[in-house]
Amino acid sequence: MKNTSPSYMSTSRLISIVGFSTLIRLFINTARRFAYPFAPALSRGMGVSLTAVTSMIAVNQITGLFGLVFAPLGDKWGYRLMMMAGTGALAVGMFCGGLFPYYGMVLLALFLAGLGKTVFDPALQAFVGSRIPYERRGMAIGICETAWAGASLLGIPLAGILIARFGWQFPFFFLGAIGVIGLLGLYVLIPVNEQKSISTEKTSIYITAISQLIRQRSPLGAMGFAFLLNAGNDNLFVVYGAWLEKNFNLGIVALGIATTVIGAAELLGEMITAFLGDRIGLPRLITMGTILSTACYIALPAIGINLPLALSALFFVFLAFELTIVTSISLCTELLPEARATMMAGFLASAGLGRVVGALIGGPIWISGGIHATGIVSAVITGLALVFLMWGLKGWKPTP
């Protein structure tokens with residue numbers, strides 16, 4: 001028998017778990033993201049081309065597809081185990097990258113960090129969704145998602161300082177140690193007997209999971225939306241560091257500090273979701289954010305003519321994107337309440353595949369057409385995402 005209603009524990013225990021998990025997730029996100037702005041530094045350190053590093057980032061994004069393998073296990077065996085597995089993958093990957101500073105090993109390190117995020121994120125989101133009612137889900141998920149902005153505000157600038165002072169390998173050791181701390185903390189904080197969702201019938205959990213995702217319109221629409229929205233964003237994200245470095249002569253530390261502008265935008269986007277999403281309505285806020293994202297991509301090349309204006313333009317690009325994606329995550333926790341982790345994995349796998357495509361096309365588009373081509377392509381892709389969103393949500397209503 002499946003239980004889809006929220007399950008509760010003491011408020012203090014829940015706050016402790018969510019708070020600690022959000023902090024660990026901040027560093028998981030840092031491991032996933034710091035290669036973007038520091039791609040030139042990594043390419044110089046390993047003696048490879050910039051396109052080799054952006055291709056490495058694309059491989060990192062492929063890990064999102066593995067969510068469909070691990071998330072059903074979380075629904076069946078429990079979210080605690082999957083969250084611990086994610087932090088363990090982070091620790092192993094980062095230590096490998098630090099100890100063996102070669103292209104192949106750094107590729108493996110980022111792959112394992114991405115895999116850790118792929119395993120950890122759906123489990124945490126499903127954990128929150130299983131314990132907090134839909135009427136407050138936007139606030140809860142919005143708070144959890146501050147870990148994404150935290151990576152830009154704290155994690156990436158810290159990585160820049162560590163690279164400048166100790167070399168490009170040092171962030172790998174630091175993040176590996178954080179992974180070990182996270183693994184131990186989750187083991188202590190989360191009860192062993194936490195709720196599971198998928199029934200233990202003999203039918204393959206993977207057959208059940210895939211059938212749940214493809215038989216219904218709203219999950220399909222959400223996954224198409226996630227793919228296109230993230231492809232459009234990564235088309236820009238994979239080259240913004242090179243753009244700022246080339247056009248405005250930013251060094252490593254300055255580039256890390258400049259990234260805090262993106263972090264501030266993301267934090268504001270997450271707070272908008274947390275405090276307004278439930279009031280405005282999650283579908284309506286997603287639509288507004290997608291339209292705003294498209295407009296910001298179009299305006300970026302014209303506005304970004306000097307460093308202050310370029311940073312201002314990036315602020316609004318990532319503000320619009322973040323409030324859209326975080327609100328989408330909040331909504332998706334209710335699209336398949338009987339298999340929340342599976343739904344989130346489908347959403348995140350589609351997002352990851354979109355980021356793979358965006359990362360692969362981003363470098364060549366920027367090299368051939370500069371920031372003007374990047375902005376136009378991102379705008380077109382994001383506009384198509386809105387079409388999928390409207391199709392998927394037609395006639396959908398949350399489960400009472």
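For segment 98-107, check the following and say yes or no: at least one residue is crowded, with 24+ Cβ neighbours inside 10 Å and either over 18 Å from ARG340 (Cα atoms) or of a type in the set (Lys, Arg) (or both).
yes
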Would you check if GLY346 is more than 27 Å from LEU300 (Cα to Cα) and surrounded by 19 or more Cβ atoms within 10 Å (Cβ to Cβ)?
yes
Can you list residue pairs whose Cβ atoms sit under 6 Å apart, with the first residue in segment 96-113 being more than 9 Å from PHE172 (Cα to Cα) and the second being among the basic types (Lys, Arg)? Count only pairs 6 or more apart in sequence or on different chains.
ALA113/ARG32
Quick check, is ILE329 out of contact with any strand residue (DSSP E or B) (no Cβ under 8 Å at 6 or more places or on another chain), assigned to a helix (DSSP H, G or I) and at pLDDT below 90?
yes
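Report, by residue number, each residue of segment 355-386 that is of a type in the set (Gly, Ala, Ser) and over 22 Å from ALA299 (Cβ atoms). Outline the logic, then answer.
If we filter segment 355-386 for residues that are of a type in the set (Gly, Ala, Ser), which is where we start, we get 358-359, 362-363, 368-370, 373, 375, 378-379, 383, 385.
Within segment 355-386, ALA359, GLY363 meet the criteria.
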Of all residues in segment 332-364 being assigned to a helix (DSSP H, G or I) and among the β-branched types (Val, Ile, Thr), the one that is farthest from the chain's Cα centre (by Cα):
ILE361
Can we say LEU319 is among the aliphatic types (A, V, I, L, M) and either touching a Phe, Trp or Tyr at 6+ places or on another chain (Cβ under 7 Å) or within 19 Å of GLY64 (Cβ to Cβ) (or both)?
no
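So which of SER293, SER312 is at pLDDT 90 or above and surrounded by fewer than 18 Cβ atoms within 10 Å (Cβ to Cβ)?
Within the list SER293, SER312, the selection yields SER312.
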Restricting segment 229-279 to residues that are more than 20 Å from THR54 (Cα to Cα) and of a type in the set (Phe, Trp, Tyr), the one surrounded by the fewest Cβ atoms within 10 Å (Cβ to Cβ) turns out to be PHE275
Scanning segment 109-136 for residues that are in a helix (DSSP H, G or I), surrounded by fewer than 24 Cβ atoms within 10 Å (Cβ to Cβ) and among the basic types (Lys, Arg) gives ARG136
Selection within segment 300-309 - out of contact with any helix residue (DSSP H, G or I) (no Cβ under 7 Å at 6 or more places or on another chain) and either outside any helix (DSSP H, G or I) or touching a residue at least 40 places away in the same chain (Cβ under 8 Å) (or both):
ILE305, ASN306
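The values are calculated or read from the model by the stated rules, or taken from the named source; none is laboratory data. As the structure is a computational prediction, the values presented were derived from the model and not from experiment. Glycine also receives a Cβ, built like all others from the backbone with ideal geometry; neighbour counts cover every protein chain displayed.
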